[in-house]
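Encoded as C-alpha cells, the structure appears first; notes follow it.
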There are 4 protein chains.
Amino acid sequence: MKALVYHGPGKRAWEETPKPVLKAETDAIVRITKTTICGTDLHIMKGDVPTVTPDRILGHEGIGVVAEVGKAVSNFHAGARVLISCITSCGKCDYCKKGLYSHCEHGGWVLGNTINGTQAEYVRIPFADTSLYHIPDRTDGEALVMLSDIFPTGFECGVLNGQVKPGDTVAIVGAGPIGLATLLTAQFYSPSEIIMIDLDENRLAVSQKFGATKVVNSSDGKAVEKVMALTKNKGVDVAIEAVGIPATFDICQTIVTAGGHIANVGVHGKSVELRLEKLWAHNITLTTRLVDTVTTPLLLKTVASGRLQPKQLITHRFRLSEIMKAYDTFGNAAQERALKVILVNE
Amino acid sequence: MKALVYHGPGKRAWEETPKPVLKAETDAIVRITKTTICGTDLHIMKGDVPTVTPDRILGHEGIGVVAEVGKAVSNFHAGARVLISCITSCGKCDYCKKGLYSHCEHGGWVLGNTINGTQAEYVRIPFADTSLYHIPDRTDGEALVMLSDIFPTGFECGVLNGQVKPGDTVAIVGAGPIGLATLLTAQFYSPSEIIMIDLDENRLAVSQKFGATKVVNSSDGKAVEKVMALTKNKGVDVAIEAVGIPATFDICQTIVTAGGHIANVGVHGKSVELRLEKLWAHNITLTTRLVDTVTTPLLLKTVASGRLQPKQLITHRFRLSEIMKAYDTFGNAAQERALKVILVNE
Amino acid sequence: MKALVYHGPGKRAWEETPKPVLKAETDAIVRITKTTICGTDLHIMKGDVPTVTPDRILGHEGIGVVAEVGKAVSNFHAGARVLISCITSCGKCDYCKKGLYSHCEHGGWVLGNTINGTQAEYVRIPFADTSLYHIPDRTDGEALVMLSDIFPTGFECGVLNGQVKPGDTVAIVGAGPIGLATLLTAQFYSPSEIIMIDLDENRLAVSQKFGATKVVNSSDGKAVEKVMALTKNKGVDVAIEAVGIPATFDICQTIVTAGGHIANVGVHGKSVELRLEKLWAHNITLTTRLVDTVTTPLLLKTVASGRLQPKQLITHRFRLSEIMKAYDTFGNAAQERALKVILVNE
Amino acid sequence: MKALVYHGPGKRAWEETPKPVLKAETDAIVRITKTTICGTDLHIMKGDVPTVTPDRILGHEGIGVVAEVGKAVSNFHAGARVLISCITSCGKCDYCKKGLYSHCEHGGWVLGNTINGTQAEYVRIPFADTSLYHIPDRTDGEALVMLSDIFPTGFECGVLNGQVKPGDTVAIVGAGPIGLATLLTAQFYSPSEIIMIDLDENRLAVSQKFGATKVVNSSDGKAVEKVMALTKNKGVDVAIEAVGIPATFDICQTIVTAGGHIANVGVHGKSVELRLEKLWAHNITLTTRLVDTVTTPLLLKTVASGRLQPKQLITHRFRLSEIMKAYDTFGNAAQERALKVILVNE
C-alpha cells in the first residue's frame, strides 16, 4: 500500500510500504477513506517530537472502513464505517477505568507517533473495541474526521476543563484549528461573550463567523489592555490557552478574573512564569490536559443532531495520493488561509 | 482600651488606644476573650504587607462576647459568644453570593489589615451578621480561635481545592500551623497516605502524632526523590503547597501524578516557574485561593462532634497583656517549638 | 394606591388600599411598572393555598422603580430600576448561605402569599439588598418580568437539577409557561433532542417554534409508548415534570433511561406512586425543588447577551388597572391561547 | 467439582457438577478460596428472583486463584490471587464507558443469577480483565470477600449517592450487613452524627461498636419521632434506605431535611408512596442504584491502608463443603446473630 512516511527531520515521502497486519487479538485493520494533517505533524516534521523515529507512517486522525478484526474484537466487524480516535485506549488499565485514556498504560497517543498512523491506505488500530467509534448513518464523513482529535481536544481541554457556563465571559487565545474547535464547542454552554485573540486577521474574521462576540488582534502586544477594556476591567471568567508559548499563557493569567479558570490546551515546549505573587489570592483554577477523547460519543451526538458543524473548519480538499502537496499547503497555513485539509481515499 | 499597635516595620507596642465604636448599622463591637498571632502578622511586622499602615491594631483571629450591635444586625445581640472570621463578608455583593467571601467588594481580609484588628480588648466587626458565628454551648473556646483562619485556610485552600478523597496519596509541603491544619482536615476524607514534608524534625514529629503516615525531611534537597520512592514512582494524587516559595512549589509540580491536583495554600512573594513543557500533557489541576471561610459552619460541626481537635495546635498560652512577649516567642517558632499561641483576656 | 386584593376563594377586587411603608431598615418600597399573573395565583383564587388569607394583595413577579429604602439598604437607592425576585432572601441565615433561598428562615416565597405582593402600584420588599436585582441598561423590561419566577424555576428545578448536557435526550412533560421556560433554558446546554409532551395542540405548536425537536400529544394516554418509539426504546436521559399530577409524574418515571434524571418542577397536591420495584436498580436521580432564584444573575446575563429571549412567552398585554380582565383571560388560558400576560403601570 | 446448586424454590444441594471451562477469549476460570452467602441468595431460594432458573450454581462474591485465562485476557495470569466483583463488566459498551457497570450490555449482575456463580470450587468469570481485581500482597482475604458486593453497595448506593460530607447528620435505616457496610464507609467522610435505625437490639449494639453515634429501635413504630427529637426537629441531611420495604422508605422521606438526600440501597419488591405534596418544595435529591463496583479500586486502597476493616462483619466461618449448614445459619440470622459468614476452600 501507499503511505506518508517520515524519514527524519524535513524528510517525508508518499511511498509503497507493507500493508499492516493484525498483531493482537484486540487489533483491527482499517482501510482509510478520509484523513487529515494536524499541526502536530508539522512539529514532527521539524524533528520536535523525539518519540517519532524515522520510517514511521504519520497521522492520528481519520475515518475508514474496517477491513479485518482480531478474535477478541466484538464491537466491530469487517465492513463497519468507523471513526478513529487519536487516542488509543486499552479499556482495562487503571487510567482507562478513570477515563484518563490519554495516559492509558498500553495506548494513549501512539498512532503516527510510536506506531504507524492514518496517513496511509490502511492502518492497524490496537484495542479496536475501545479506540474506534461507529459512524452513525447519514452522517457526513468529512465532519467526523474533525472528531478524531481537534474537537475532543478543544472541548475537553478547553471548554470542559474551563467549566464554561451560561452567561460567562470566555477568552480564547489562538484562533487556529484547535482554538476554533474550542470556540464552536464553547457555545454548547451559552456563554455571553467569547473573545477571540490572535495575530491573524483572517482567522479573526473566521472566528466572528463561527460565533466569537469580540475579536482582539494581539499583534501590537496590547491584548491584555484590550480584553480588560472589553470587560470593564473585570477580566474573563474563563481564559483558554490554545497556542502553547509563554506570551499567550501570560495573557491568560493576566486577564482571568478572581474565581476564574485558565484552561491550557496548547502544547508547550518550555516553562512559563506563573505569577503566584498575584494569583495565590486570586482563587483561580488552572488545568492542563492531553485529550482523553472520552467525549467522542457526546460529540457524535451533537454532530448527528446538527448542533455542531465541524465541517466549517475544512478549507482544502485533496486526494490522499496528493498528500505531499497537502502538507505544503497546510505548512503554509497563513498564506493559504488553511484551517483543516481533508485527504480523500475513496 | 489596650491594643497591639503596629508603628511601622519592626515597631509594635501594647498601648492605650480609643475603644472602637459602631460606624454602620451592620457593625458589632466585640470584647475579645481569646486571640492569637498569625504568621501573617510577622510578615506585617517586617513591612511586607503594604496595605497595613502605621497605627493599625493587628490581628484577624479570635473569639469574644458581643458588646453592642448596630440596628441592622439581627443574628447577634449583646452578650452572645462569637467566633470572629478572618474574612469579613457583606453577604450582598456578587462575590459573596457566589461564596467567594475572600473577594467581597466591601470586606475580604480587612481586620488587622486595612481596619483595626483583634489583638485588642475590643474590636469593631463590620457586617457582623455575616462575619461572626455563634459559639455552640460547651465548645472549648481555645479550639475555636483556630477556626478564625488556619483551619478554614487549610481545609478550603488545601483539602477541598485539592479534592482529597478516600484512598488517595496526599503530600503536604510545609508542616507549620497551616500545613498541620491541612493535615488534620485532610483526614476528613480518609486518604490512604499523607506524606508530610518539612525541614524541621520537631514539626515532622508533630505531624506523625497528628496523623501523617510518612514524613520526609527535605533539608537535603531530596524531597522529590524520597516521595517518588515512597510512592513506587507513581507520585501523589494531591500535592499541597503550604510554604509559599518557588522551591516548595517546584516539589509539588514534580511529584504530582497524571490526573492529580496541586493545591496552593502558601502566600507567595514572587513568581514560580511552571513546567508546562511537561505538565501540558499531565492532566493536572492547579488551584490558588485566599480562604473564603465558607466552611466555618461545617468546621464548627466537626469540632462540636469531636471529629476535629484544633486545640492540638496550641503550644503556648499568655495573657493578652503579655502579647509583646508572645510575639517574641512566636517569632522564634523553631527554637520555641511554637505552633499556635493563645492570648487570653478573661 | 390601587391593588388586586384577594377576599377569599373566588373573590378578588382591584381596589384602593394603603400604600406600603418601610417596616424594617432592610426594606425597600418599589413602585411597580410591570407585573404579571402566575398559575399559582389561580390556585390561590381557588382557595388551594391556605397560607394566603383574605385581604392579601397577590402577585410575586414584576419590575419597578425603587421609591424609598431603609437605612440598612446599600445596594439600591431611590430611582433604581429593579427586578423583583419571587423569593425573598435574608442573605444571613444558614439556608441563604447555602444558596437555598427558597427555605430562607425569614423569607422564601412570601410575596403575595404571607405578605402583600406585586399586583399593586407599590410593594414593600423585605431584605431588599438580597431580593432585588438591578436592571441592566437597555434591557427590555417585559422580558425581565419573566425572570421573577418562571425562568429561574424552569432553569433551576428543571434544567440544572436535571443535569441536562450536550447530546442528551430530554423530555419535558407540560408545555405551560413553566414548561416552556424549561424548554428555552434547556437549550443553554445543547441537548440533541427535546421532546415536549402536552395535551394542547397550540402549546405543542408553540413548543416547536421555541426549539422542541419532537412533540407528543398525550391526550390519547399513549405518551410513554410514543416517547419510547422516538428514542428507539432507550428512553430519555432527563425527564422533567412540569405539571404536578400523578399521571404526568408516572410518564417521567417510565420513560427515564438507566442512569437518567427525573427533575420535578410541578406543584403537587397529592402523593404519587414511585415504582421502586423497577427503579431501585435503574440508577436514577430524582430531584424536587422550590426555586431558589440563585441563578437570577446568570439569567440576567443571558438576556443581556440576547441568548435568552423570554419575551416570546408573552401573549397578552393589559394596563395594570385592567387586571380583573387580565385574570379572566389568563384563567381561560387554553381558549385564549394565553401563556404569560403583562400588566403595565407606566 | 462440588457446588451449591439451586433446584427451584426451597431446594438446594451441595453436589458434584462439571468444572467450568473457558467459553470466550476474555474468560478466566478461578478456583474459589473463600466465598460467602448474600441476603439475595436467600431471596433466590424463596423463588423471588425469576431470572435464576433451576440447576444454577449460586453465589456472586468471593476471592480465589486464577486457574486459566482466555487468550485475550492480559491483566491476569494463572496463579494470580483475585477478588471477584459481583458485577461483570465488558469494559466496552456505552454503559461501561460511563462507569455504569451495573447496566453493562453483556454483563451486570450475572454471577449466580443468569450464569453459574461462586459457591463452588471453580467459577468461570466473563470479561475477566474488567471484572476481577488483583489482591494486594499481605491483605487479608476474608476482608476482601466483603468487597465483592456489600462494601461497594453500601458505599456507592448509600454513601456516595447520599453525598455524605463532613459535619452531616446521617440516618441509616436497616442495620443488616449492607446497612453496616454503609455505616462503616460513611465514616470515610466524617459526618458528625450517624443514626442507625433497626428493629433488632443486637444489630443496634453492633452499630454502636461500628461507629453509630445514635441508635433508634423502630419496633414501636416511632422511628420518625425519635429521629426528629434527636435532630432538634431539623431532620437529617442524608437518609439512607437499606431495607427495601415501603415502611422504611417512608421513614426516610419523612426525616430528610430541606436540601437533603435520600439514597436508596434496599431491593424493593413493590412500589412506595412518594409524598410529593410535601417534597415538591423540599429541595431533596432521591437516588437509586444497583451497585456498579466502580469504587472497588478505591475500597481496596482503604483496606490496604487499614482505614476500612471489613472483617468486622464476619460472624461465622465454615468450610465450603459445609455450605448447606452455613445457609441454615445465615437464613436464621437474627437468632444466630449472624452478619456475614465465610466459606473457606483452602
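The values are calculated or read from the model by the stated rules, or taken from the named source; none is laboratory data. Remember, it's a predicted structure, so these values are computed and weren't measured experimentally. Don't worry about glycine lacking a Cβ; one is built from the backbone with ideal geometry, like all the others, and counts go over all protein chains shown.
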All but one of (1) within 27 Å of the chain's Cα centre (by Cα); (2) more than 28 Å from A:G99 (Cβ to Cβ); (3) not aliphatic (A, V, I, L, M) hold for B:H261, so report the exception by its number.
(2)
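Any idea how many residues of the range A:267-296 are more than 7 Å from every other protein chain (Cβ to nearest Cβ) and of a type outside the set (V, I, T)? Outline the logic, then answer.
Step one: filter the range A:267-296 for residues more than 7 Å from every other protein chain (Cβ to nearest Cβ), giving A:278, A:291-296.
Imposing the further condition that a residue be of a type outside the set (V, I, T) reduces the set to A:278, A:292.
Matching residues across the range A:267-296 total 2.
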Output the number of residues of the range D:257-275 satisfying the condition of being assigned to a loop (DSSP other than H, G, I, E, B) and closer than 15 Å to D:L290 by Cα.
5
Of the residues in the range A:282-298 that are more than 30 Å from A:P136 (Cβ to Cβ) and not polar (S, T, N, Q), the one that is surrounded by the fewest Cβ atoms within 10 Å (Cβ to Cβ) is A:H282
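For (1) among the hydrophobic types (A, V, I, L, M, F, W, C); (2) surrounded by 17 or more Cβ atoms within 10 Å (Cβ to Cβ); (3) out of contact with any Cys (no Cβ under 7 Å at 6 or more places or on another chain), each residue gets a yes or a no:
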position: A:G306; (1), (2), (3): no, no, yes
position: A:S321; (1), (2), (3): no, no, yes
position: A:M324; (1), (2), (3): yes, no, yes
position: A:T329; (1), (2), (3): no, yes, yes
position: A:A333; (1), (2), (3): yes, yes, yes
position: A:R337; (1), (2), (3): no, no, yes
position: A:V341; (1), (2), (3): yes, yes, yes
position: A:N345; (1), (2), (3): no, yes, yes
Just name the residue that is nearest to the chain's Cα centre (by Cα) out of those in the range B:299-319 that are within 14 Å of chain D (Cβ to nearest Cβ) and without any contact (Cβ under 8 Å) to a residue 40 or more places away in the chain.
B:K301
Residue count, the range A:148-194, condition under 19 Å from A:L286 (Cβ atoms) and of a type in the set (A, V, I, L, M, F, W, C), comes to 11
For A:R203, the lone unmet condition from (1) in contact (Cβ under 8 Å) with a residue 24 or more places away in the chain; (2) farther than 30 Å from C:G167 by Cα is (2)
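Okay, residues lined up against (1) within 14 Å of another protein chain (Cβ to nearest Cβ); (2) of a type in the set (F, W, Y):
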| position | (1), (2) |
| --- | --- |
| D:K165 | yes, no |
| D:A171 | no, no |
| D:G176 | no, no |
| D:F188 | yes, yes |
| D:S192 | yes, no |
| D:I197 | no, no |
| D:N202 | no, no |
| D:A205 | no, no |
Looking at the range C:226-239 only, could you name the residues that are of a type in the set (V, I, T) and either buried (at least 23 other Cβ atoms within 10 Å of the Cβ) or within 24 Å of D:N161 (Cα to Cα) (or both)?
C:V227, C:V236, C:V238
For the range A:65-148, which fully contained strands (runs of 3 or more DSSP E) count at least 2 residues that are under 17 Å from the mean Cα position of the chain (by Cα), among the hydrophobic types (A, V, I, L, M, F, W, C) and more than 14 Å from chain D (Cβ to nearest Cβ)?
A:81-84
In the range B:163-199, the residues that are within 26 Å of B:V341 (Cα to Cα) and assigned to a helix (DSSP H, G or I):
B:P177, B:I178, B:G179, B:L180, B:A181, B:T182, B:L183, B:L184, B:T185, B:A186, B:Q187, B:F188
Selected residue (criterion: surrounded by the fewest Cβ atoms within 10 Å (Cβ to Cβ)) from residues of the range D:14-44 that are under 20 Å from D:T88 (Cα atoms) and among the hydroxyl-bearing types (S, T, Y)
D:T33
Check whether at least one residue in the range B:3-13 is surrounded by fewer than 17 Cβ atoms within 10 Å (Cβ to Cβ) and touching a strand residue (DSSP E or B) at 6+ places or on another chain (Cβ under 6 Å), and report yes or no.
yes
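For B:P50, indicate whether it is without any contact (Cβ under 8 Å) to a residue 24 or more places away in the chain, closer than 30 Å to B:F330 by Cα and either buried (at least 23 other Cβ atoms within 10 Å of the Cβ) or over 18 Å from the mean Cα position of the chain (by Cα) (or both). Working first, answer last.
On the way: without any contact (Cβ under 8 Å) to a residue 24 or more places away in the chain: yes; closer than 30 Å to B:F330 by Cα: yes; either buried (at least 23 other Cβ atoms within 10 Å of the Cβ) or over 18 Å from the mean Cα position of the chain (by Cα) (or both): yes.
When the stated conditions are applied, B:P50 passes them.
Out of all the residues in the range A:65-75, is one or more of a type in the set (S, T, Y) and either under 20 Å from A:A24 (Cα atoms) or not assigned by TED's automatic domain parsing to the domain that holds A:T296 (or both)?
In the first step, residues of the range A:65-75 are kept if they are of a type in the set (S, T, Y); the result is A:74.
Narrowing further to those that are either under 20 Å from A:A24 (Cα atoms) or not assigned by TED's automatic domain parsing to the domain that holds A:T296 (or both): A:74.
Yes, the range A:65-75 has at least one match.
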Within the range C:128-148, residues modelled with pLDDT of 95 or more and under 23 Å from C:V69 (Cβ atoms) come out as C:A128, C:D129, C:T130, C:S131, C:L132, C:Y133, C:H134, C:I135, C:L144, C:V145, C:L147, C:S148
Test D:K226 against the criterion of being outside any helix (DSSP H, G or I) and of a type in the set (K, R), and give yes or no.
no
Does the range B:265-281 include one or more residues that are out of contact with any strand residue (DSSP E or B) (no Cβ under 8 Å at 6 or more places or on another chain), closer than 22 Å to B:G167 by Cβ and surrounded by fewer than 21 Cβ atoms within 10 Å (Cβ to Cβ)?
no
Return only the number of the condition from (1) more than 20 Å from B:G266 (Cα to Cα); (2) more than 14 Å from every other protein chain (Cβ to nearest Cβ) that B:T213 does not satisfy.
(2)
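Would you check if B:A242 is of a type in the set (G, A, S), buried (at least 18 other Cβ atoms within 10 Å of the Cβ), away from chain D (no Cβ under 14 Å) and within 28 Å of B:A205 (Cβ to Cβ)? Reasoning before the result, please.
Details: of a type in the set (G, A, S): yes; buried (at least 18 other Cβ atoms within 10 Å of the Cβ): yes; away from chain D (no Cβ under 14 Å): yes; within 28 Å of B:A205 (Cβ to Cβ): yes.
So B:A242 passes the test.
Out of the range D:200-214, which residues are assigned to a helix (DSSP H, G or I) and surrounded by 22 or more Cβ atoms within 10 Å (Cβ to Cβ)? Write out each step before concluding.
To start, the set of residues in the range D:200-214 that are assigned to a helix (DSSP H, G or I) comprises D:201-209.
Once the filter is applied, which keeps residues that are assigned to a helix (DSSP H, G or I) and surrounded by 22 or more Cβ atoms within 10 Å (Cβ to Cβ), the range D:200-214 yields D:R203, D:V206, D:S207.
Being in a strand (DSSP E or B) and at pLDDT 95 or above, is that true of even one residue in the range A:48-61? Show your work before the answer.
As a first pass, look at the range A:48-61 and keep what is in a strand (DSSP E or B): A:56-57.
Right, trim to at pLDDT 95 or above and you get A:56-57.
Taking every residue of the range A:48-61 in turn, at least one turns out to be in a strand (DSSP E or B) and at pLDDT 95 or above.
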Only one of these conditions is not met by D:E322: (1) within 24 Å of D:D200 (Cβ to Cβ); (2) more than 14 Å from every other protein chain (Cβ to nearest Cβ); (3) at pLDDT 95 or above; (4) not in a strand (DSSP E or B). Which number is it?
(1)
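Using the structure shown, decide if B:D55 is more than 13 Å from B:L343 (Cα to Cα) and either crowded, with 16+ Cβ neighbours inside 10 Å or touching a strand residue (DSSP E or B) at 6+ places or on another chain (Cβ under 7 Å) (or both).
On the way: more than 13 Å from B:L343 (Cα to Cα): yes; either crowded, with 16+ Cβ neighbours inside 10 Å or touching a strand residue (DSSP E or B) at 6+ places or on another chain (Cβ under 7 Å) (or both): yes.
Criteria met by B:D55.
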Do you know which residues across the range B:82-96 are surrounded by 20 or more Cβ atoms within 10 Å (Cβ to Cβ) and among the charged types (D, E, K, R)?
B:K92
D:F210: passes all of (1) over 18 Å from the mean Cα position of the chain (by Cα); (2) within 23 Å of B:Q187 (Cβ to Cβ) but (1)
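Suppose we keep only residues that are surrounded by 24 or more Cβ atoms within 10 Å (Cβ to Cβ) and over 10 Å from the mean Cα position of the chain (by Cα) within the range D:157-166. Which one would you say is nearest to B:L308 (Cα to Cα)?
Just the residues of the range D:157-166 that are surrounded by 24 or more Cβ atoms within 10 Å (Cβ to Cβ), to begin with: D:157-159, D:162, D:164.
Restricting the remaining residues to those that are over 10 Å from the mean Cα position of the chain (by Cα) gives D:158-159, D:162, D:164.
Numbers: D:G158: 24, D:V159: 21, D:G162: 22, D:V164: 17 Å.
Within the range D:157-166, the match that is nearest to B:L308 (Cα to Cα) is D:V164.
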